[in-house]
Amino acid sequence: MVLKMSRMKYAPLLVFQLVLMVLYFVFVRYGDGEDVGVKGFEDTHVMIFIGFGFLMTFLKKYCYSALGFNWLLAALVIQWALLCQSFYHMKDNVIQVTKKSLLEADIMSATVLITFGALLGVASGVQLLFIAVVETAVACLNIWLVADVFKAADVGGSIAIHSFGAYFGLGVSLALRSKPSTEAPATNGNTVPAVDLNGPSYISDVTAMIGSIFLWIYWPSFNSGLTKTDAEYQRAVINTYLSLAAATVTTFIISSAVSKYHGRLDMVHIQNSTLAGGVAVGSVCNMHIGPGGAIAVGIGAGLLSVLGYRYLTPKLTKLGVLDTCGVNNLHGMPGLYSGLLSVLFAALATKEKYGAPELGAVFDAMKDDGRTASNQALYQFIALVVTFVLSLVSGFFTGLLSKLPIFESLKENEKYDDEINWELP
């Protein structure tokens, strides 16, 4: 009986896929060619499936799951997100799918993959699928609040994508946490304790670097893809590139200074904190922050991320809040940092600095609603706070629901192990 249930554990996903098919038949139509020139779709696609996938292959015996579940979750979320995001903008009960809406769905899948990073090896495949479906719906609601209600500027998604995904994941992890065990490590009947699978091997760290480098190269496209003007696009690319470069140099320096073996580099920092500059500049990449400002943002991001990995993650682990990939340090705190920077630069925005058309392109409400710079800054802050609270609370309750027996939670000895889900060679 158990074997039969195991064979059918993904059957609900097939039902959900068929429901999506019906919804697409009923509501979705091709859009016109207005968005055909949208930039960044192809590059973002590479980031989602190669960048995120390989970045998470650092665990010594979880590479199949890192790549496979990354692929499955992204393929599912892209379909579901396109419906959820477009629900708020339907015309005559019709959803028009365009290259821009596909890009937005791709970006939304990053939210779920960030959450996946926090739960890597900790949640079962069925749990991950359930969490992804719920998170996508809530995250699309949050994007509608951020972009349409608060009209906050967040072109690179540092608030609505990175912060949301990180703190939703930590909320789930908080709900899934187990009490610290006082028992001695399992020995599997031998005198030698079992191998701790929550860690890398030399080869798995190398494959994870493939993901890091792909993400690093394509991050300017991710941040600039939804810009509206050529000047805005160029600023976003330049600011993102400079911030990434500065974060990378800072990461190497700080990693050497604070690593357990002083003077050596920690591969965890190099794989992740080098990317923090892309997150930290996301909300302000299309603003007039100046090339020097972009470098300053990257330096701050690299410093914040490395110190988070070195000192904060161990404290969270002791509290039972697992964050396998350290998404709080790569996406969460740099996302909050970017949100606070957006408050500052919104307050400093003027027509003299931007020009009227550019000011309206970056800050929609300052054009359409006549919003002042100080009011825009206030709404940037409100969007950040709402995102943080909504992600953490909704993640926690989703985590509680995912503990129901139907979702097949992993036992302690099943975590971080591909053998639970894959036929291994």
Item to check | Conditions (1) modelled with pLDDT under 95; (2) buried (at least 16 other Cβ atoms within 10 Å of the Cβ); (3) outside any helix (DSSP H, G or I); (4) not hydrophobic (A, V, I, L, M, F, W, C): number failed by residue 323 | outcome: (1)
Item to check | Within region 133-164, considering residues that are small (Gly, Ala, Ser), assigned to a helix (DSSP H, G or I) and buried (at least 24 other Cβ atoms within 10 Å of the Cβ), the one farthest from the chain's Cα centre (by Cα) | outcome: 139
Item to check | Residues within region 377-405 that are farther than 24 Å from residue 111 by Cβ and surrounded by 14 or more Cβ atoms within 10 Å (Cβ to Cβ), tallied | outcome: 2
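Filter region 36-85 for residues that are of a type in the set (Gly, Ala, Ser) and modelled with pLDDT of 95 or more; which is nearest to residue 144 (Cα to Cα)?
Filtering region 36-85 for residues that are of a type in the set (Gly, Ala, Ser) and modelled with pLDDT of 95 or more, the one nearest to residue 144 (Cα to Cα) comes out as 81.
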Checklist outcome for this item: Those residues of region 235-288 which are hydroxyl-bearing (Ser, Thr, Tyr) and over 25 Å from residue 203 (Cβ atoms) amount to 240, 241, 243, 250, 283
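Restricting region 56-74 to residues that are among the aliphatic types (A, V, I, L, M) and under 16 Å from residue 424 (Cα atoms), which is surrounded by the most Cβ atoms within 10 Å (Cβ to Cβ)?
66
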Next on the checklist: So if I check each of 97, 112, 77, which one is among the β-branched types (Val, Ile, Thr) and surrounded by fewer than 20 Cβ atoms within 10 Å (Cβ to Cβ)?
Outcome noted: 97
Checklist entry - Has region 305-319 got any residue that is small (Gly, Ala, Ser), within 19 Å of residue 216 (Cα to Cα), modelled with pLDDT of 95 or more and in contact with a helix residue (DSSP H, G or I) (Cβ under 9 Å, 6 or more places away or on another chain)? => result yes
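The values are calculated or read from the model by the stated rules, or taken from the named source; none is laboratory data. Predicted model, so just to flag it, every value in this text is computed and none were measured. Backbone-built Cβ (ideal geometry, glycine too); neighbour counts: all protein chains shown.
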